[in-house]
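*Asks:* Sending over a structure as structure tokens; questions will come in a sec.
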Amino acid sequence: MSPKFSYPNTPQQDIIDVYHGIEVKDPYRWLENPDSEDSQAWIEAQNKITFDYLSQISARETIKQRLTKLWDYEKYSIPFKEGDRYFYFKNNGLQNQSVLYTLKNLDDEPTILLDPNTLSQDGTIALSGLSIAKNAQYLAYGLSTSGSDWVEWKVKEIETGKNLSDHLKWIKFSGASWTKDHQGFFYSRYNEPKEKTKLEDINYYQKLYYHQLGTSQSEDILIYDRPDEKEWGFSGNVTEDGQYLIISVWKGTDPKNLIFYKDLTNPNAQVIELINEFEADYSFIDNDGSIFWFRTDLNAPKGKVIKIDINQPNKENWTELIPETHETLEDVGILNNQFICDYLKDAYSCIKIFDLQGNFIREVTLPGIGTVGGFGGKRYDEETFYNFTSFTTPSTIYRYDIITGESTLFRQPNVDFNPDEFETKQIFYQSKDGTEIPMFITHKKGLKLDSNNPTYLYGYGGFNVSLTPNFSISNLVWMEMGGVYAVPNLRGGGEYGEEWHQSGMKNKKQNVFDDFISAAEWLIKNNYTSPQKLAIGGGSNGGLLVGACITQKPDLFAAALPAVGVLDMLRFHKFTIGWAWCSEYGSAENEADFKTLYAYSPLHNLKSKTAYPATMITTADHDDRVVPAHSFKFAAALQNAHIGDKAILIRIETKAGHGAGKPTTKMIEEIADKWSFLVDNLHMNC
């Protein structure tokens, strides 16, 4: 036990599970119930130690003030059009939630359509989805409270701003898609859960419904469900021409999906199974009558574009339009009757345009190496908008003329810093097995490679998620303090397509940890930093990454920040949507998977009387994605195993969830605490 900290007493229970003949202790099982009196007392005691410690760090107030000052600039989203109106989000600077505006012409004075800041005093009610009727008469919008994945949907009349009576509940992982007649929309929901345990109970049996405007949710029409397939989820989207409902069927987080459709022009039409095998990812792009276009990775791990005539749906009749290339095809849309293809080239954006026959037209000239979003719109639109960002470029919005290929600056943020004082480079290093991994490194210009630079190594490595260049006030403040920010593109991500993803999942998950550890070793070998100056961080699956790496290489890092992490790899599938991750991790109920999971599960690989890096675990009481029990149990076990005087703390946010919709005030507080923790433990002069 650390002599510097007197941690709360965390009783151990004599609970033993037997997995395939192996006994596994679970002494902190009682912390899986976050609402019990014992758990609440433990949470309070842990937070007291954490916040008492953080309050004594002299640099904390300065860091918070700098974060607040830099954060205070106008932030705009990409404008989009529906019917005769434009819509966009704006945050004046420090508003807890961004506000939705509408206007008929871009030069008009905008009108506030929805301001989530008026819905709660502390900003903990957030907009969690929206859908605008095709004639721009109605707005359907989802609200999440305290960061929960549970979303309630309501409807507003756009012209008058009046809220209608429609109120839909028990919705998760769903958007809303309006019919062409703008009289209702499709959405997906679960059965009503038990009120007391709704943040922990497992989610199965999602169903697809149609809601008619002005009616009660109890009258909604069931469009599709599968009582025989409890893990199936459904996403229903109406085609731009209004003729078809495209139903994408998902199973867990595996990118492989099915595609069904329903002819909306025929009241008696049945749901037709177009693609009924989970063998690849199929993303519907658009249709021209019976011709459906898809982005798919079928026999093309980096993605391609195909067309299917639903009147001749057999595979031998499918046509490849844009073949796979060495770049990864992330997304495809249609504008001006042309395919707009969003590629990743070594983890940064590249936009190419093709005609509908698949002939290359041009590549869009971008402002530099970074990440692009946008290029949305309708089939025949001749203008669109996109944003560009990099590690040193705040999100800047451009208008793009698809006819001429010209980009013109539309909105540029005014952030109080000089980007010319910083630099980003991309290097490639070898992982343990020789695989080449790219890594972005950003810092102040003139950095001395003397092994003495505080460095924050951030990673994710899973679920086909790509980490691309992105501007962050948080990271800017870190670099202003002299810190190096490093982001490796680990296996398990989507940077190089589905093969890259699969090389870091299930029984190959150790590759991800090896990639991250090798990134740390490269930074040390090349004199950027040293084990005494190196911190690691990551959230969710990235929290697992951090937890695994400090158990495998405790001497390699000085500090660790695992956020909302998946840390108990034997029981994650027993809570909320955790079962959906079995396609990524495997399940302890399978003997081969169990051996893999047990070998790296952070909770189960802590060794007693070991000096671990200074660690501040972060979680939130309303996280119903990765339930806080993961962090609670790991914190208790780590405090019990750790020796030495380095801090092992847990910071438990209240009225917050997995991260989405977190109000600005809470984000600034949390970041100030994280950087203060690193300043203290990396012995930075701030």
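*Asks:* Write down the Å³ per residue value for the convex hull defined by the alpha carbon atoms of the chain.
*Replies:* Details: hull volume 108.6 nm³, N = 686.
Normalising the Cα hull of the chain by residue number yields 158 Å³.
*Asks:* Looking at the square roots a ≥ b ≥ c of the eigenvalues of the Cα gyration tensor of the stretch 175-306, which shape do they give, rounded for a/c under 1.5, prolate if a/b is larger than b/c, or oblate?
*Replies:* oblate
*Asks:* Does the stretch 1-104 classify as rounded, prolate or oblate by the C-alpha gyration tensor (a ≥ b ≥ c root eigenvalues; a/c under 1.5 gives rounded; else a/b over b/c gives prolate, otherwise oblate)?
*Replies:* Note, shape of the stretch 1-104 comes out oblate.
*Asks:* With every protein chain left in place, what is the accessible area per residue of the stretch 513-629 in square angstrom, probe 1.4 Å?
*Replies:* Details: 3040 Å² over 117 residues.
Solvent-accessible surface per residue comes out at 26 Å².
*Asks:* Based on Cβ point charges of +1 for Lys and Arg and -1 for Asp and Glu, what charge dipole magnitude is obtained for the stretch 487-536 about its Cα centre, in debye rounded to the nearest 20?
*Replies:* In total the dipole reaches around 180 debye.
*Asks:* In the stretch 618-644, whose amide N lies under 19 Å from the spot 7 Å out along Cα-to-Cβ of Ile22? List them in ranges.
*Replies:* 634
*Asks:* Mind checking the dipole of the chain: about its Cα centre, +1 per Lys or Arg Cβ, -1 per Asp or Glu Cβ, Debye to the nearest 20?
*Replies:* 1520
*Asks:* For the residue pair Ile15 and Ala599, what label-to-label distance in nm results when each label sits 7 Å from Cα along the Cα-to-beta-carbon direction?
*Replies:* Modelled inter-label distance: 2.7 nm.
*Asks:* Right, another one. Need one number: nm distance between label points at Glu74 and Glu37, each 7 Å from Cα along Cα→Cβ, rounded to one decimal.
*Replies:* Distance between the two pseudo-spin positions: 5.5 nm.
*Asks:* Past the 12 angstrom mark, what percentage of all C-alpha to C-alpha distances in the stretch 20-63 do you count?
*Replies:* On the way: 675 of 946 pairs.
Of the Cα pairs, 71 percent sit more than 12 Å apart.
*Asks:* Further question: So, for the stretch 197-355, what is the accessible surface per residue at a probe of 1.4 Å, expressed in square angstrom?
*Replies:* 41
*Asks:* For Cα pairs less than 8 Å apart in space and 6+ apart in sequence, what is the mean separation divided by the residue count of the stretch 545-651, i.e. the relative contact order in percent?
*Replies:* 34
*Asks:* Work from the charge dipole of the chain (Cβ charges, +1 for Lys and Arg, -1 for Asp and Glu, about the Cα centre) and give the residue of Tyr380, Gly539, Ser148 farthest towards its positive end.
*Replies:* The Cα lying farthest towards the positive end belongs to Gly539.
*Asks:* Which semi-axes, in whole Å and largest first, does the equivalent ellipsoid of the stretch 334-425 have when worked out from the alpha carbon gyration tensor as the square roots of 5 times its eigenvalues?
*Replies:* 26, 15, 9
*Asks:* Mean shadow of the stretch 370-507, computed from the convex hull of its alpha carbons, in nm²? Before the final figure, lay out each step's value.
*Replies:* Details: hull surface 44.8 nm².
Mean shadow area of the hull around the Cα atoms is 11.2 nm².
*Asks:* Using alpha carbons only, how many degrees (0 to 90, rounded to 10) separate the axis of helix 591-600 from the longest principal axis of the chain?
*Replies:* The angle comes out at about 50 degrees.
*Asks:* Consider just the alpha-carbon atoms of the stretch 167-248 and return their Rg together with their Dmax, both in angstrom.
*Replies:* Looking at the stretch 167-248, its Cα Rg and Dmax stand at 13.3, 44 Å.
*Asks:* Give me the distance in nm between label points sitting 7 Å out from Cα along the Cα-to-Cβ direction at Glu273 and Trp318, one decimal.
*Replies:* Once both label points are built, they end up 1.6 nm from each other.
*Asks:* Rounded to the nearest whole Å³, what is the per residue volume of the convex hull around the Cα atoms of the stretch 459-591? Each step should come with its number before you reach the end.
*Replies:* Numbers: hull volume 15.5 nm³, N = 133.
It is 116 Å³ per residue.
*Asks:* Further question on the same structure: Cα axis of helix 541-552 to longest principal axis of the chain: angle in degrees, 0 to 90, nearest 10?
*Replies:* Tilt relative to the chain: about 30 degrees.
*Asks:* Another question about this same structure. For Pro301, what is the net charge nearby, where nearby means another residue's Cβ is under 11 Å from its Cβ and Lys, Arg count +1, Asp, Glu -1? All intermediate terms of the calculation are to be shown ahead of the outcome.
*Replies:* On the way: positive: Lys302, Lys304; negative: Asp281, Asp297, Glu324, Glu498, Glu499.
Its environment carries a net charge of -3.
*Asks:* Using 0.36 nm per residue, how much length does the chain from Glu157 to Asp309 gain when fully extended, once their Cα-Cα distance is taken away? The partial results should precede the final answer.
*Replies:* Details: separation 152, 0.36 × 152 = 54.72 nm, distance 3.78 nm.
The Glu157-Asp309 span can extend by a further 50.9 nm.
*Asks:* Would you work out what percent of the accessible area of the stretch 318-394, with all protein chains in place, is carbon or sulfur (probe 1.4 Å)?
*Replies:* 44
*Asks:* With a cut-off of 8 Å between alpha carbons and a minimum separation of six or more residues, what is the relative contact order of the stretch 521-589 in percent?
*Replies:* Result for the stretch 521-589 is 27 percent.
*Asks:* Place +1 on the Cβ of every Lys and Arg and -1 on the Cβ of every Asp and Glu in the stretch 220-368, take the dipole about the Cα centre, and give the residue among Gly358, Asn287, Tyr244 whose Cα lies farthest towards its positive end.
*Replies:* Farthest towards the positive end: Gly358.
*Asks:* Can you work out the FRET efficiency for the pair Asp450 and Lys378, with r the C-beta to C-beta distance and R0 = 51 Å, to the nearest 0.05?
*Replies:* Working: r = 55 Å, r/R0 = 1.08.
The calculated FRET efficiency here is 0.40.
*Asks:* Evaluate the charge dipole of the stretch 1-155 about its Cα centre and quote only its size in Debye, nearest 20, assuming +1 on the Cβ of each Lys and Arg and -1 on the Cβ of each Asp and Glu.
*Replies:* 700
*Asks:* Hey, another quick one. Among Gly175, Tyr19, Gln270, whose Cα projects farthest towards the positive end of the dipole of the chain, with charges put on the beta-carbon of Lys, Arg (+1) and Asp, Glu (-1)?
*Replies:* Tyr19
*Asks:* Compute the acute angle (0 to 90°) between the alpha-carbon long axis of helix 629-641 and the principal axis of greatest extent of the alpha-carbon atoms of the chain; round to the nearest 10°.
*Replies:* Here the helix axis deviates by roughly 20 degrees.
*Asks:* Label the stretch 569-686 by shape, choosing from rounded, prolate and oblate, from the square roots a ≥ b ≥ c of the eigenvalues of the Cα gyration tensor; if a/c is under 1.5 it is rounded, and otherwise prolate applies when a/b is larger than b/c, oblate when it is not.
*Replies:* Taking the square roots of the gyration eigenvalues as a ≥ b ≥ c, the stretch 569-686 is oblate.
*Asks:* Output the relative contact order of the stretch 432-553, whole-number percent, from Cα pairs under 8 angstrom with separation of 6+ residues. Walk me through the numbers before you get to the answer.
*Replies:* Numbers: 216 pairs, mean separation 42.4, N = 122.
In percent, rounded to a whole number, it is 35.
*Asks:* On a C-alpha basis, how far is the centre of the stretch 164-234 from the centre of the stretch 604-623 in Å? Whole number, if you could?
*Replies:* 37
The values are calculated or read from the model by the stated rules, or taken from the named source; none is laboratory data. Not measured: the values here are computed from a predicted model. Glycine gets a Cβ as well: all are built from the backbone with ideal geometry, and neighbour counts include every protein chain shown. Quick note on the areas: whole protein, heavy atoms, side chains included, nothing else; ligands and nucleic acids left out. Shrake-Rupley method; radii C 1.70, N 1.55, O 1.52, S 1.80 Å.
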